[in-house]
1. With Cβ to Cβ distances under 15 Å as the rule, what net charge do the other residues near Ala164 carry (K, R +1; D, E -1)?
2. Taking each pair of different alpha-carbon atoms in the chain once, compute 1/r for the pair, average those values, and report the inverse of that mean as the Kirkwood hydrodynamic radius in Å to one decimal.
3. Quick check on region 42-99: take the gyration tensor over C-alpha atoms, sort the square-rooted eigenvalues as a ≥ b ≥ c, and tell me if it's rounded (a/c under 1.5), prolate or oblate.
4. Rounded to the nearest 20 Debye, what is the dipole magnitude of the chain about its Cα centre when Lys and Arg each give +1 and Asp and Glu each give -1 at the C-beta?
5. Find, to one decimal place in angstroms, the Kirkwood hydrodynamic radius of region 165-258, where the mean of 1/r is taken over every pair of different Cα atoms and then inverted.
6. Using 31 Å as the Cα-Cα cut-off, could you pick out the over-long pairs in Lys114/Lys311; Lys114/Lys251; Lys114/Lys225?
7. At what distance in nm do the modelled label points of Asp326 and Ala233 sit from each other, each positioned 7 Å from its Cα along Cα→Cβ?
8. Using only Cα atoms and rounding to the nearest 10 degrees, what angle (0 to 90) does helix 97-108 make with the longest principal axis of the chain?
Amino acid sequence: MKAVVIGAGIVGLTTGIAVRRAGADVTIYEQAPEIRAAGASLGLWGNALAVYDELGVGERIRAIGKPGEMYFHDPAGRRLAPPGFQPEDHQFVLVPRAELNELLADAVGRENIKPATGFGEYEEHDDHVAVRLSDGSSTAADVLVGADGTYSAVRAQLVPGSAAQEHAGHHAWRAVIENPGIPLSENRLLLGSHGTRGGYLLNYDGAVYWLVNQFNSTEPAGSRKQQALDRAAHLDQGILTELIAATPEEKILHNQIMLVPPLPHWTSARVVLAGDSAHAMSPHITAGATLGIEDAALLGHLLAPGADVPKALETYAAYQIPRYADIAKLSAAVEHSPTPEEFARNYAAFSHWMLTQQVTV
Ligand SMILES: Cc1cc2nc3c(=O)[nH]c(=O)nc-3n(C[C@H](O)[C@H](O)[C@H](O)COP(=O)(O)OP(=O)(O)OC[C@H]3O[C@@H](n4cnc5c(N)ncnc54)[C@H](O)[C@@H]3O)c2cc1C
């Protein structure tokens, strides 16, 4: 079994580890000149950590992780703990994205990753798929995995007309900074007025990750810092505002949130999408990477040497497409919650579902 993976983000790298561990040969092509991880820190849920335990890298990931709890606070500072959920429904581990990707790249084996090599196009045949790359070379494989993110070029060929779309008015600002000397005894996640959410969380190494999001935002204007401060005013007049004020402008990331529309298919006989390329979704459920890690694990189980690739990909799509229809409903319920209490309850309902309704093959 030979697999070609396009994209060395979290999902491509995890797919590489999973499929190699199953016994296949894997080459990952990444268009960027190096393994990179745009973004700040990332919350990984128990189902992602279970995959990493199975793949033999769980302990290394926990060593760069800081356990946290996804409890929100309302604008009055009250902690919202919706009834009917267990502490484990709220537990995640915060990891720095860049360190996570470096660790995953080491686990795949650097010799199996080809940086500065983008995807060109593919051509499917009965017994293989031919993949043309940006340097003009071609390679043949049993299966092609498009893990090339929201703007996936593999998806553009597999599902024409499926370009990513703006989630209108939904923006996010975030940064990781050394603690500028502000005493932080605990993480704090906040739900504010004007469609805002945000908070700050501690990394394992003492650095602080802060984030601010807004639904139905006006078009952002001014510096990124001012944009974040304007939204933070609806959340907190204290520590979050101080953290943003202490952050150099160049460290602040801003994203217009983009979504991949529901796809009629994720696979053909020898081509498959995984991660954001298949299902980039709104980050208000903070689970896009975690769910993509599940895609990778499932591919690892299905693509063992000797597997019938078209059948394996049919099975993958049969599990994942209905699963994402459910996720879309749960995510919409969180987004459209009219009160902080309902947001917290619908969020816990989503995380409980995600942690208990895992795919098993
Ligand atoms: C503000 C925000 C906060 C978030 N917080 C969380 C969180 O706390 N927890 C969580 O689970 N998720 C979170 N997410 C979602 C998470 O970031 C994504 O779901 C995850 O990064 C997707 O990983 P991926 O590997 O599928 O795609 P990407 O990380 O986008 O990786 C795709 C890779 O493919 C490469 N590539 C692209 N095109 C080509 C090409 N043509 N040829 C070769 N290579 C190519 C890219 O350079 C990149 O390296 C958040 C998202 C946002 C926007």
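What follows draws every value from the coordinates through simple rules; no lab data is involved. Keep in mind that what you see is a predicted model, and the values were worked out from it rather than measured. Backbone-built Cβ (ideal geometry, glycine too); neighbour counts: all protein chains shown.
1. The answer is -2.
2. 20.9
3. Since a/c reaches 1.5 but b/c is at least a/b, the shape of region 42-99 is classed as oblate.
4. 460
5. Hydrodynamic radius (Kirkwood, Cα pairs) of region 165-258 is 13.2 Å.
6. With Cα atoms farther than 31 Å apart: Lys114/Lys225.
7. Using points 7 Å along Cα→Cβ, the separation is 4.3 nm.
8. With both axes taken from Cα atoms, the answer is about 20 degrees.
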